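Computed from the coordinates by the stated procedures, all read-outs in this text should not be read as laboratory data. Values in this document were obtained by computation on a predicted structure and should not be read as measured data. Ideal geometry is used to build each Cβ from the backbone, glycine not excepted, and the neighbour counts take in all protein chains shown.
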Amino acid sequence: MAGWSEAPNVASMPHNPLGPVFTAALVHIAAAVPNFAWLETRAAETKLGFDNSDFFPVQSRLDGAEYPVSALVGLGVDVNETVVRAQSLRFWEAPHLRRRDGSVTHL
C-alpha cells in the first residue's frame with residue numbers, strides 16, 4: 001500500500017484501527033514510510049472498548065495528537081493472558097460506530 005502510493009506522491013492515511021495490536025502495527029508503518037499523512041483513530045472514544053486495558057495493559061497510547069513509537073520489543077503491546085483465560089465465551093455484537101444523526105458508519 002505504501003509503495004504503491006509513494007510513486008505518484010499520494011499520502012497514506014489508514015482508518016480506524018479497532019484494537020491495540022492493529023494500532024501498534026500502524027504506528028510502526030507510519031514511522032517507516034515517507035508518505036504517511038495521519039492515522040484516523042477512535043482513541044478518544046474509550047466507551048467503544050477497542051483499547052481494553054484489562055486485556056492489553058501495555059499498548060500504544062496517544063500523547064497529545066501523536067502516537068509515540070514504542071521502544072519495547074515487537075509492536076510494544078502486552079496481552080494479559082491470565083485475564084483472557086479467565087473469560088468465558090460470550091456472544092456479543094461489536095460496537096457500531098454511529099454518526100450524530102444515529103446512522104451507522106464505518107468511519
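Over the stretch 1-88, what is the mean sequence separation of C-alpha contacts under 8 Å (at least six apart), divided by residue count, expressed as relative contact order in percent?
Numbers: 105 pairs, mean separation 25.4, N = 88.
Taking the mean separation of contacting Cα pairs over the length of the stretch 1-88, I get 29 percent.
In which sequence would T41, T105, T23, T82 go, from the one with the fewest C-beta neighbours within 10 Å to the one with the most? Write down the numbers at each step before the final one.
Numbers: T41 20, T105 10, T23 27, T82 7.
Ranked by crowding around the Cβ, least crowded first: T82, T105, T41, T23.
Calculate, for I29 and L97, the FRET efficiency according to 1/(1 + (r/R0)^6) with r their C-beta to C-beta distance and R0 25 Å; round to the nearest 0.05. Please list the in-between numbers first.
Numbers: r = 22 Å, r/R0 = 0.89.
Using R0 = 25 Å, I get an efficiency of 0.65.
For the stretch 20-107, with only Lys/Arg (+1) and Asp/Glu (-1) charged at the beta-carbon, what is the dipole magnitude about the Cα centre, in debye rounded to 20?
Values: 8 positive and 10 negative charges, 55 e Å.
I would put it at about 260 debye.
Determine the calculated [θ] at 222 nm for the chain from helices alone, applying -39500 (n - 2.57) to every DSSP H run no shorter than 4 residues and normalising by the residue count; nearest 500 deg cm²/dmol. Please report the intermediate quantities before stating the final value.
Working: 3 runs with 24 residues, N = 107.
-6000 deg cm²/dmol, from helical runs alone.
For the chain, just the Cα atoms, rotate onto the principal axes and tell me the three extents in Å, largest first.
If we take the Cα atoms of the chain, the spans are 49, 42, 26 Å.
Could you list S53, S103, S70 in order of exposure, starting from the residue whose Cβ has the fewest other Cβ atoms within 10 Å? Show your work: numbers first, answer last.
Details: S53 12, S103 9, S70 17.
Taking fewest neighbouring Cβ atoms as first place, the list is S103, S53, S70.
By count of other Cβ within 10 Å, fewest leading, how are S12, S88, S60, S5 ordered? Provide the component values of the computation, followed by the final result.
On the way: S12 20, S88 4, S60 27, S5 16.
In order of increasing Cβ crowding within 10 Å: S88, S5, S12, S60.
Around S12, which amide H atoms from residues at least 5 apart in sequence, or from another chain, sit under 5 Å from its own amide H, with H modelled in the peptide plane?
Under 5 Å from the amide H of S12: F36, A37.
If you fit an axis through the alpha-carbon atoms of helix 20-32 and take the longest principal axis of the Cα set of the chain, what angle between them do you get, 0 to 90°, nearest 10?
The angle comes out at about 20 degrees.
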